[in-house]
1. All but one of (1) loosely packed, with under 12 Cβ neighbours inside 10 Å; (2) under 23 Å from the mean Cα position of the chain (by Cα) hold for residue 117; which doesn't?
2. List pairs: first in the stretch 115-136 and within 13 Å of residue 151 (Cα to Cα) and basic (Lys, Arg), second at pLDDT below 95 and part of a strand (DSSP E or B), Cβ under 9 Å, 6+ apart or cross-chain?
3. Looking only at the stretch 77-94, count every residue that is under 14 Å from residue 53 (Cα atoms) and in contact (Cβ under 8 Å) with a residue 24 or more places away in the chain and tell me the total.
4. Just checking, which of 90, 66, 128, 124 is of a type outside the set (Asp, Glu) and exposed (fewer than 10 other Cβ atoms within 10 Å of the Cβ)?
5. Just checking: which of the strands (runs of 3 or more DSSP E) contained wholly in the stretch 6-86 hold 2 or more residues that are modelled with pLDDT of 90 or more, under 19 Å from the mean Cα position of the chain (by Cα) and among the β-branched types (Val, Ile, Thr)?
6. Against the definition (exposed (fewer than 15 other Cβ atoms within 10 Å of the Cβ) and within 21 Å of the chain's Cα centre (by Cα)), how does residue 105 come out, yes or no?
Amino acid sequence: MLKNIIYINLLAASVLLFASCEKVIDVDIKESPNQLVIQGNITNNEGIQTIKLSESVAYTESSIYPPVSGANVVVTDNEGNAFTFAESQPGVYVAGPMTGIAGRTYTMNVKVKDKTYTASSTMPAMVPLDSLSITKITFGSNELKTVSIHFTDPAG
């Protein structure tokens, strides 16, 4: 008898769980024109530097971003050096080999059709490592090792 009551209660709870109400909410998302998306960075590793140009897409569309071709992409530094990026494939612009130098300010100018986009950033100095440490962690019969990096991050 007690078993039957438990089964009936479980059945009733299951019916209530799966028969919950649903309400369709229709959200009116306004369309906006595609925007230029610029992805890139200058590193302190010698080699080819890359800047990618694409367009944004509507929220409801797939995540395939159309590349932007035919742009003029130039990066300059505060020492008067200029690096012109050439289009290697649709939407991908490369320059180099070049190496970013800590303390220099780099300014990127991208001209697409009749619009110019500009951004500047100063490359920070590398933070030297003070030390490394290894810690053993025992978990049951397993022993794990973790590596910790120690450094002092300078102000600024």
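The values are calculated or read from the model by the stated rules, or taken from the named source; none is laboratory data. Since we're looking at a predicted model, the values are computed, not measured. Here Cβ is always computed from backbone atoms with ideal geometry, including for glycine, and neighbour counts include all displayed protein chains.
1. Unmet for residue 117, out of (1) loosely packed, with under 12 Cβ neighbours inside 10 Å; (2) under 23 Å from the mean Cα position of the chain (by Cα): (1).
2. Correct list of pairs: empty, since none qualify.
3. Residues meeting the conditions: 5.
4. Within the list 90, 66, 128, 124, the selection yields 128.
5. 36-40, 47-55
6. Details: exposed (fewer than 15 other Cβ atoms within 10 Å of the Cβ): yes; within 21 Å of the chain's Cα centre (by Cα): no.
Against the criterion (exposed (fewer than 15 other Cβ atoms within 10 Å of the Cβ) and within 21 Å of the chain's Cα centre (by Cα)), residue 105 does not qualify.
Each row is one residue, and each column tells you yes or no for (1) of a type in the set (A, V, I, L, M); (2) at pLDDT 90 or above.
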position	(1), (2)
104	no, yes
113	no, yes
119	yes, yes
126	yes, no
140	no, no
146	no, yes
154	no, no
